[in-house]
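Engineer: The structure that follows is given in the form of structure tokens.
What follows draws every value from the coordinates through simple rules; no lab data is involved. Just so it is clear, the model here is predicted, and its values are computed rather than measured. Cβ sites come from the backbone with ideal geometry, for glycine too, and all protein chains shown count toward neighbours.
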Amino acid sequence: MFEFPKKQKLCNETAIKEMFSNGESFVIPPIRLIWKEQVNSDDVAIKSIIVVPKKQLKLASDRNIVRRRMKEAYRLNKSTIENSLKNKGKQLNIAIVYQNDKRLSYKVIEEKIKLILGRLKEEI
């Protein structure tokens, strides 16, 4: 339930490009969510990618820390959206993009991830 296996990670380069060019998005500062409804070959309701741009955080150690915090917050809170997608029979590809030039604490990131997932659930 609180896993983040390889099947749930978005690795297909063409799907990522298509999502970034044709997907829908919204921002709850400091995080932007981009999503696109798509039929995945796997039996997974949601595939995701977490992005922390080098333009925002210069040091690799800072990017890694923020990426780990975002992954953990997403991993713990994704079950509600997964259940609603399975009930509706939909599949999504999502990208969670960090847009702040400072490293934030885990609590702040977790609150923002919860808000973003709640809003995504409403919009689907």
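Engineer: I want to check the label-to-label distance for SER84 and ASP42. Put each point 7 Å from Cα in the C-beta direction and report it in nm to one decimal.
Structural biologist: 2.2 nm
Engineer: Let me ask something else about it. Straight distance only, please: which lysines reach the Cα of LYS71 with their own Cα at less than 16 Å, same-chain residues fewer than 8 apart left out?
Structural biologist: Here the lysines satisfying the reach criterion relative to LYS71 are LYS6, LYS7, LYS9, LYS47, LYS107, LYS112, LYS114.
Engineer: Using a cut-off of under 20 Å, list every residue of the stretch 36-69 whose amide N is near the label point 7 Å from the Cα of THR14 along the Cα-to-beta-carbon line.
Structural biologist: 36-44, 47-49
Engineer: If you line up the Cα atoms of the chain on their principal axes, what length do they span on each, largest first, in Å?
Structural biologist: Over the chain, Cα extents along the principal axes are 39, 28, 25 Å.
Engineer: Report the label-to-label distance for PHE26 and TYR106 in nanometres (one decimal), using points 7 Å from each Cα along the Cα→Cβ vector.
Structural biologist: Spacing of the two 7 Å Cα→Cβ label points: 2.8 nm.
Engineer: If I stretch the segment between ILE124 and PHE4 completely, what's the gain in nm (0.36 nm per residue apart, minus their alpha carbon distance), one decimal?
Structural biologist: Details: separation 120, 0.36 × 120 = 43.20 nm, distance 2.19 nm.
So the extension gain works out to 41.0 nm.
Engineer: Tell me, Kirkwood radius of the stretch 1-73 from alpha-carbon pair distances, in Å?
Structural biologist: On the way: mean 1/r = 0.0724 Å⁻¹.
Result for the stretch 1-73, one decimal place: 13.8 Å.
Engineer: Now for a different question. Taking only complete DSSP H runs, can you tell me which helices of the chain stretch 15 Å or more along their own long axis by Cα positions and average at least -1.0 on the Kyte-Doolittle scale?
Structural biologist: Numbers: long enough: 60-77 (25 Å, -1.36); 106-123 (25 Å, -0.37).
Qualifying helices: 106-123.
Engineer: Quick one: of the DSSP bridges fully inside the chain, what percent are antiparallel, nearest 5?
Structural biologist: Numbers: 12 of 19 bridges.
Of those bridges, close to 65 percent are antiparallel.
Engineer: Only helical DSSP H runs with n ≥ 4 go in: add -39500 (n - 2.57) per run for the chain, normalise by residue count and round the 222 nm mean residue ellipticity to 500 deg cm²/dmol.
Structural biologist: Details: 4 runs with 56 residues, N = 124.
Taking each H run of at least 4 residues, the total per residue is -14500 deg cm²/dmol.
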